[in-house]
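Structure first, then comments.
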Amino acid sequence: MNPNRRRLLATSLASAAAAAAGVPSSSANAATPKKTAAAAAAGAVLAPTPPMGWNSWNSFGPTITEAQALENADIMVAKLLPSGYTVFTVDIQWYEPNANSYTYRKDAELTMDQYGRLQPAPNRFPSAAGGAGFKKLADQIHKRGMKFGIHLMRGIPRQAVQKNTAILGTNLHAQDIADTKAICEWNGDMYGVDVTKPGAQEYYNSVFKQYAEWGVDFVKMDDMSRPYERNWPEVEAAHKAIAASGRPIILSLSPGEMDLRWDRHVPHYAQMWRISDDFWDEWRLLEEQFQRLENWNPVMGPGSWPDADMLPLGRLALGARDTKFTPDEQQTLMTLWGIARSPLIMGGDLRHLDAKTLALLTNPEMLAVNQRSRENRPQRADTGTRIWSARSADQHDLQYLALFNTSNAPVDFAFDLSRLNLGNRTVAVRDLWARHDLGTVRGKINATVPPHGSALFGLKA
């Protein structure tokens, strides 16, 4: 490979990777910080790039404690934050004092205030004692340079309805707004809220006002995306409540599969929404995500991120096992989430983070694709394969190509570069996972990809 061309490609990729990690380029326009500040003052787009972070669900289910959270937060600061992983989220049932498995205890007594708002269980989160809520834990996360997220079920606690608790700032009560027929099929904590009833919006406002007071930056709101035709009024109510709270809180809707017929609605009210049910470490589930990400690709962009779910890598399931994905499948997972620009939310217990998993999560050239690319799109592909391409948002002549083998045997790819308008040009090729220059090609790229494997290239003419 021509040494000058090699240096040019490596420099371009390093620049894109630095931008993905938030490191300013030496050639960046000096006016950029002023523009950013002005945009923030005017109400900048929430989640301009796919959110990156950690969530407790895959490793702790509903059982995480404050001590475990802080242990993971400290490792996240040291290992993942430098690469741009900023959102630290405590998942479901932080208000259940005796949660002990992935099975939700029927009719469990939940921790709740006099206004029907769920509170952290003090036996699991000692800093919440005395009505402090998550304020002290959020402060700890913020001091570490990260954003704090929590999980919320749709609706109002059934316990609040049974006790007919007051709605803050009104003379109404829980029974005035509850929709007892709108129940979750897999969790018994909540009833729906009938947003046509007086006091309904005020209830949601009171919930998110408290979250703003705690310092919450991200809310994963569950039992929302399915069935969306029933739940969209509560999606809008949550959106309005966030606006009324005065704090820029990212709203993530869960679980899927989100109905594509609502693709013109959901991006106006949430920054993330799940496109599938819970994603775990099974090849069948990973293979199914290809079509879903292709279907949702047209509405993907700043502030609008179809979410293929968390990354079930490393130690999972209350410490019972490590991921079942093979090394090739793990790379395929990260390549697909990367080039389709799905949020990157690590799910494994960081206290057991191994070097190979860390390398997958923090590869700067993959992260540049996820965070700083444009024109991401699937390409025509043969049976048993998938192909995606994209362009760098920072380097006009840098393109990305991802090749996927979803079959059970090796596949020899011969990708025609004319499909990327590079057919008659000499193209420098870089393996982004190996972070190694491969030389130059003309006309096509040849690659042998193992079963369930992938390749991710940077192309520069």
Open item on the list: How much length would be gained if the chain were fully extended between His268 and Arg377, taking 0.36 nm per residue of separation minus their Cα-Cα distance, in nm to one decimal?
Closed with: 37.0 nm
Task: At most 10 other Cβ within 10 Å, DSSP loop - trypsin sites (Lys or Arg not before Pro), the range 88-141 - done: Lys106
Open item on the list: Below 9 angstrom from the Cβ of His452, what's the summed charge of the other residues (Lys, Arg +1; Asp, Glu -1)?
Closed with: -3
- [ ] Once you have the Cα-Cα distance between Asn123 and Lys324, take 0.36 nm times their residue separation minus that, and quote the gain in nm to one decimal.
- [x] 69.0 nm
TODO: Take the range 158-198, drop everything but the C-alpha atoms, weight them equally and run the Debye formula without solvent; then report log10 I(q)/I(0) at 0.32 Å⁻¹ to two decimals.
DONE: -1.15
Open item on the list: Using Stokes-Einstein with the Kirkwood hydrodynamic radius over Cα pairs, what translational diffusion coefficient do you get for the range 162-307 at 10 °C and a viscosity of 1.306 mPa s, in µm²/s rounded to a whole number?
Closed with: 98 µm²/s
Open item on the list: Out of the GluC sites (Glu not before Pro) in the range 99-204, which ones are loop residues according to DSSP with at most 13 other C-beta atoms within 10 Å?
Closed with: Glu109, Glu185
Task: Nearest-10 value in Å² for the accessible area of Ser454, using the 1.4 Å probe - done: 20 Å²
Open item on the list: If you split all Cα-Cα distances of the chain into 20 Å bins from zero, what percentages do you get per bin, shortest first?
Closed with: 24, 55, 19, 2
TODO: Take the alpha-carbon centre of the range 172-251, take the same for the range 312-367, and report the distance between them in whole Å.
DONE: 31 Å
Task: For the range 38-191, with +1 on Lys and Arg beta carbons and -1 on Asp and Glu, the positive-most of Ala166, Val90, Gln140 along the dipole - done: Gln140
TODO: Work out from phi, with θ = phi - 60° and the Karplus expression 6.51 cos²θ - 1.76 cosθ + 1.60, the ³J(HN,Hα) of each residue of the range 181-192, listed in order in whole Hz, and give x for Gly and Pro.
DONE: 8, 8, 10, 7, 7, 10, 9, x, 6, 10, 9, x
Task: Qualifying chymotrypsin sites (Phe, Trp or Tyr not before Pro) for the range 309-399 [loop in DSSP, other Cβ within 10 Å: at most 16] - done: none
Task: Accessible area per residue in Å² at 1.4 Å probe, computed on the chain - done: 41 Å²
Task: Rounded to 5, the percent of DSSP beta bridges in the chain classed as antiparallel - done: 65 percent
Task: Amide H partners (placed H, <5 Å) of Lys147, local residues excluded - done: Val87, Phe88
TODO: Could you tell me how many degrees, from 0 to 90 and to the nearest 10, lie between the Cα long axis of helix 327-339 and the main elongation axis, the longest principal axis, of the Cα atoms of the chain?
DONE: 80 degrees
Open item on the list: Which one, Ala461, Gln201, Pro327, projects farthest toward the positive side of the charge dipole computed for the chain from Cβ point charges (K/R +1, D/E -1)?
Closed with: Ala461
Task: Charge dipole (debye, nearest 20) of the chain; +1 at Cβ of Lys and Arg, -1 at Cβ of Asp and Glu - done: 1560 debye
Task: Cα long-axis angle, helix 283-296 against the chain (0 to 90 degrees, to the nearest 10) - done: 90 degrees
Task: Under 20 Å from Lys240, Cα to Cα: lysines that are on another chain or at least 8 residues apart - done: Lys197, Lys209, Lys220
Open item on the list: Suppose every Lys and Arg Cβ carries +1 and every Asp and Glu Cβ carries -1, with no other charges. What dipole size does the range 111-234 come out with about its Cα centre, to the nearest 20 debye?
Closed with: 440 debye
Open item on the list: Given points 7 Å out from each Cα along the Cα-Cβ axis, report the Thr448 to Gln291 separation in nanometres with one decimal.
Closed with: 3.1 nm
Task: Listed residues Ile249, Val441, Pro267: farthest to the positive end of the dipole of the chain (Cβ charges) - done: Val441
Task: Straight-distance crosslink candidates among lysines, where the alpha carbon sits under 30 Å from Lys460 and sequence neighbours closer than 8 are dropped - done: Lys35, Lys356, Lys444
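The values are calculated or read from the model by the stated rules, or taken from the named source; none is laboratory data. Bear in mind the structure is a predicted one, so any value in this text is a computation, not a measurement. Neighbour counts are summed over all protein chains in view; Cβ atoms, including those assigned to glycine, are modelled from backbone coordinates with ideal geometry. Each accessible area value is taken on the protein alone, full model and side chains, heavy atoms only, with ligands, DNA and RNA left out. Shrake-Rupley method; radii C 1.70, N 1.55, O 1.52, S 1.80 Å.
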